[in-house]
Amino acid sequence: MLSLSTEDVQEHWNQVSPELGGLFSSIERTEDWALDNHPDIAERLQRFGLKLSDPVSAARLADADKNELLFFLVYITSSKAFRVVQWLDEQHAGLGSRLLGLLLQQDANGMFANVLDPMLAGTLIQRLRVVQNTPFFQRLLSPSLLESLTEAINGYQDEQDNQHD
């Protein structure tokens, strides 16, 4: 069962690696936009985690509107967003990585193919960039997705660099 309480998520990452738990704590001190520490939202997030244990609910998540899924992953803290992705990978045959890949998929013009808000997608990529530069990146995501995520991150960075030139 997936618990998304702040304490359980912190405990999970500290068990995976104390350094990773510390990294998420540091990142989250700067995430003043995250909403999951508000009591009402935290309670709803807990219920959401419990519902994901049901395979039917996980399948519904796969079919959910990608813009709403992106919004959800951006406006919760990094540790919880990565925990959802990791748990879906473990419990539902790589579903978390597949969903993340869909959210960040780019078309031939470098535009996000499945989401409407490039700013939210960019925020998610920035989070991935922070973790990518650590030894934990390969432990968080499925190996099949690492290469495509690395390409998406690099493509986004190249696009940002070109805009500033």
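Every number in this text was worked out from the coordinates using simple rules, so none of it is lab data. Owing to the predicted nature of the structure, the values given are computational and were not obtained by experimental measurement. As a convention, Cβ positions derive from the backbone with ideal geometry for all residues, glycine included, and neighbour counts pool all protein chains shown.
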Item checked: In Hz, Karplus ³J(HN,Hα) per residue of segment 73-87 (6.51, -1.76, 1.60; θ = phi - 60°; x = Gly, Pro) -> 5, 7, 8, 10, 5, 4, 4, 6, 4, 5, 5, 4, 4, 4, 5
Next item on the list: Starting from the Kirkwood radius over alpha-carbon pairs of segment 1-92, derive D by Stokes-Einstein at 25 °C in a medium of 0.890 mPa s and give it in µm² s⁻¹.
Entry: 181
Check: Relative to the present Cα-Cα distance, how much length would full extension add between residue 116 and residue 71 at 0.36 nm per residue of separation?
Finding: 15.1 nm
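Please give the FRET efficiency for residue 162 paired with residue 1, using the beta carbon to beta carbon distance and R0 = 41 Å, rounded to the nearest 0.05.
Values: r = 45 Å, r/R0 = 1.10.
Given R0 = 41 Å and the Cβ-Cβ separation, E is 0.35.
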